[in-house]
1. Does anyone have the angle between helix B:474-490 and the longest principal axis of chain B? Alpha-carbon axes, 0 to 90°, nearest 10?
2. Would you tally the net charge around A:VAL170, using a Cβ to Cβ cut-off of less than 10 Å, leaving A:VAL170 out, and scoring K and R as +1, D and E as -1?
3. When you have a sec, figure out the Kirkwood radius of segment B:23-89 from all distinct Cα pair distances and drop it here in Å to one decimal?
4. Can you list residues from other chains, or at least 5 along the same chain, whose modelled amide H is less than 5 Å from the amide H of B:GLN185?
5. Please state the relative contact order of segment A:136-241 as a whole percent: Cα pairs under 8 Å, 6+ residues apart?
6. Working from Cα positions, state the angle (0 to 90°, nearest 10) between the long axis of helix B:431-447 and the longest principal axis of chain B.
7. Taking every alpha carbon pair in segment A:134-211, what does the distance histogram look like in 5 angstrom bins from 0, in percent?
8. What whole number of Å gives the distance from the Cα centroid of segment A:85-118 to the Cα centroid of segment B:218-285?
Amino acid sequence: MIVIGKCYYFICWLLLTSGPVGVLEEIWSPEKNSHRAEPEMKMFSVSHKTAFVVDHCPYMAESSRQQVECDVLTKSRGQGMIPLAPVSKSLWTCAVECSMEYCRILYDVYPLKKLINYIVSDSEFHILNSWRQEDQSTHELMSALAAVGPPNPQEDPECCSVLHGLVAAVESLCKITEYQHEARTTLMDTADRVANRGRIICLTNAKSDTHVRMLEDCVQETILEQNKMAAGSDRLMSIQQCELVLVHIFPQGEDTLVSDRPKKEVSSLLTSEVHSVRAGRHLATKLNILVQQHFDLASTTITNIPMKEEQHANTSANYDVELLHHRDAHLEFFKSGDLHMAGSTSRDSGLKETVTLKWCTPRTNSVELHYCTGAYRISPTDVNSRPSSCLTNFLLNGRSVLLEQPRKSGSKVISHMLSSHGGEIFLHVLNSTRSTLEDPPSISEGCGGRVTDYRITDFGEFMRENRLTPVPESPDTEASGKPPAERAKAQLERYTRYWPMIISQTTIFNMQAVVPLANLIVKESLSEEDLLTCQKTVYNLVDMERKNDPLPISTVGSRGKGPKRDEQYRIMWNELETLVKTHVAGSERHQRVLDCIIACRSKPPEEEERKKRGRKREDKEDKAEKSINKDSEDKSWQESERLKGALERGKEEQGESEVIKDSPDSPEPLNKKPRLDEIQLPEKAKGPVSLLTMWTNRITVANSRKHQEFAGRISSVNNKAELYQHLKDENGMDLHENGKATR
Amino acid sequence: MPTVVLMDASLSMTRPVSLEQCSEELQRKNLAVAGLTMLFEHMANNYRLEFTSLVAFSSLWELLVPFTRDYNTLQEALSNLEDYDKTCLESALHGVSNVVQQEWGHACPTQVVLVTDGSLGIGKGSLRHSLQTLKGRPEDKKFPLPFPFPAKLFIMCIANAEELQMTDTMHNLEQLLQLNGGDGQIFTMEGQLCLKSVQSMFGRLIDEVYSPFPAVLRCGNLASDVQVFPRPEPVFLDEEIDPMPRHILTDLEIVGFIEIGDISSPPVMSRHLVLPIVVNKEVDDVGPGTTEEPEEETSANQQAGKVPNFCVLLHGSLKVEGMVALVQLGPEWYGMLYSQADSKKKSNLMMSLFEPGPEPLPWLGKVSQLGPISDAAENPYGEDDSKSPFPLQPKIKRSYAQNVTVWIKASGLQTDVQKILRNARKLPEKTQTFYKELNRLRKAALAFGFWELLKGVAELLERECTLLPDTAHPDAAFQLSHAAKQLKLASTGDSQYAAFDQNINPMHTDFSGGGAAGM
């Protein structure tokens, strides 16, 4: 329900609009075009450039003789007061306000790429704005018009003419717009495909049909002249097609001296039409019809809009609001010939055809993705009427309204939706016919459909982190290289270098303890603090391992209880290494995270051997990684191949671990003795990491940066360094490795 | 994209094919049936989501099978096809038009496969006659082409090109295509009329129109082979500047993710199912003879079902989070992936294509300017997801979003004058609103060159001043006469007083309280 501000004014509105019925005019006949020949197929059609030429000669100061009563309420106040004499607009005022209304509708529906050049003509021409996009606004034009002011009745009529303006309009049409310029620059060799067409709308008071012909001839000659000049210029374009729309305005109560004439060809370059209209309401209607014709607009009347009036809060009345928009929003109607069935009526206020759609009171604010085949900007016909502003404010506040197409059968079909996006209201066309995609096989029936442990929540989190945001355009961002969208893709690439899709494929992503590192390592660059957090995560894992904390390792595919605890940690460490390795090329700090892991993790003897065997494979990997960094945009197959490699390796490791477990050569079961030794290290033995431990670690790390670390300490695990390592290397495998401490 | 098969069942289709090497006698109809059988078999195996209907025609037309995905039914109807009298294409095309409109409305792109021997009738009702009488027909007897829906017309001639060119048949068929806006193609048989040549002709149709669209969906390093159904059609942007059709890439790369509320029911050109597939590199998927053993197929399917697939993961998370993935389809061309629920249980990964261009949705801005949130100094969604950087606001507000002044209807002007008077009577409390409304009227009157109105309103204010009750605040009279004076000055057009961007400010009086002082 919309609450209307003041019902009092409302009633005024209702009383005043029930004026006499005007001439009925057909504004659009359904075209027999095929679906491809849509009007928007050509960007540089006649409607790309519109030059308004408004006559500013002394006779335009004449009164339109349409009187407006300003002092409406005085009568009701009684007291025998003399009401103010009604005011009347001049022909100039009528011309200006109707042309501004034309511009208002145009700018609402096409904020871009449909340009207006406003020219005023008296003893000379005055160009009020340029083709530049930033000059295209009604405020800009109003300000310029105020500076021009009304025509001066004292001026010598002999030296004033609308011709100055028409010549200026032709010259202006030859000027290249920024869009034409841009298109020509991008097309290079085929720049001649960029057409130059335009329309001149001339609002004047002509003397006779002969006078009109003289104006046409003048435009024709000027075009030929200007085209010659344009041929030799880079900044000008010759006119290929020009539509001249002459609107002869005459005061009420007078007979017209100029006859209406439909569009005719003056030459291959110029067509001309003449409209002879009374000033005032008729002129407004005429220009409203013209803007619809010129820009392929159509009208929709939203009916049954319930509005509560402030003074009668209990009652609500239904109102209608008429909107203009691109006519493709009615495509379905006029293709089906349903136009009349869809509630098309001729309204006396608009004097034209409109399609009536019924308001459906929105239920909730549920966010839904409708199947929408088109969205078109709207402009209310009567922008400052109460019902219009109530509707538009309601929409601007973020509510969407579904619209129902009334059908004779009584069935309810929702065919459209009104919705605002960032202060602009759009009429969405919803698909209301049967879908050819109905009853598709469910995704659960297809590839990967049987797998039940996808990391849906984790990927959801991933998507949230990879949401997009508009980045303001600035010369800096261009200088720094990639456009934002490419940076977004690069981020996706980094985030997915190691991303197991199912829960049973991963250990580390099922562990809370790994989260800080996993979140940071994917970053493009790491701060010193990030590095520290990563290292802490590793220390924490070491601690967990020492305490023999259980790991959330999947038991899928293995017999019994799954791998033993130490095996679990080995799998976990391997996976963590895999993750971090995919990022080491990123920066030196990324490398230091890996160094930290390698330094801290326990390595069982088999690991060493496996590593030797796997060295070749890793070499390949490194190469692949380097090539990616060189050109991460072109990461095609190579990259995913590498990923597959990584995954396979992961599987292999798991496989291996199982083999080891079952093999008679597998290491001795855990010996408790070494663990007792460890307990003697007081600060590390008790429960989760204490503040002291964290602090000590931090200090140690900070200090370690200040001096070169002992070789022994670097390769130590839990502060134990193995001596005479070279002997082991020489002898090959040695069972008594320091890693055993935690086994 | 539904298909209508329009099968010529006229007597001329029963003409035998003159065969030199084959002993068995074949009719043209047999060849047509063989070709269509091949088409149906292909669809059943590789394009099974296509809805197809079968219409037979002679002088009359009949819908033999309404739109279905059951290709056995189609096949059966085809083999029970009887022979009728002469060919009358125009009424048959009317039939097709009706059948399609009833089922799919007017927006659904459709494919019409006309199978005929090329003898298009004689005299009234023949195609030649229809084409000759195209002009000057009354509204209700218009030729059915172009169809009121987007349609491609494929004409499968059970005849070779030379044969058709001997008469004016080829010319007539070309005209037919032109009437359809050039959308479609004429297929003829090469060499002798025999099973082999008819199969090769239908093979060409299959390759061009009914072959699945394979693609790879990527999100960084995660990827899945997919089939996009229906085949995305090439798109024409601007016939003048950019007359080449645009095709979507077979590499569909995700750019990032957006909330459903932010993307906000965007307009799309078409919708397509994105079905994960297993690419079997050893098997040649072309060739009608390779009908796999059903058992093998199901086990292969079961196997594929157990291998984790990125599409399923993506679909699940999009559904749970209520988000869409923005996907790049080509240079300056984008689309979105989302979960589409067909019923309560079944849902699918769907892709919608936006109109090509750098900025398909004004409320998102240029897609190339959409970057990762990590690039922003502060998370634009807020730490608790309470905000959103979308929608973008246009630089200039639309007329309905600003307080524009339109006086085309007398009521507009009267309302504005009344607003001023109403506030005038409540001075000095309403000083601010009074001057705001006054200045709005002043601006418009100056722009419209409506100086008479300024004078009129000045007089009204002066009169209000005289009508002030004795109890009125003394400031009211001062403000009213000050405003009236300023309006009068503006109405002279004197640039000192009639500047558009200048405002009339409240008069500072000894009585004016805080309200006016704040201006």
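1. For B:474-490 against chain B, the angle is about 60 degrees.
2. Summing Lys/Arg as +1 and Asp/Glu as -1 gives -3.
3. 12.9 Å
4. When sequence neighbours closer than 5 places are left aside, the close amide H contacts are B:LEU153, B:PHE154, B:ILE155.
5. 35 percent
6. 60 degrees
7. The calculated distribution, bin by bin, is 3, 10, 13, 18, 18, 13, 10, 7, 5, 3, 1.
8. Comparing the Cα centres of segment B:218-285 and segment A:85-118, I get a distance of 44 Å.
Here, each number is a calculation from the coordinates, and none is a lab measurement. If you're wondering where the values come from, they're calculated on a predicted model, not measured in any experiment. For neighbour counting, all protein chains shown are included, and Cβ atoms are generated from backbone atoms with ideal geometry for every residue, glycine included.
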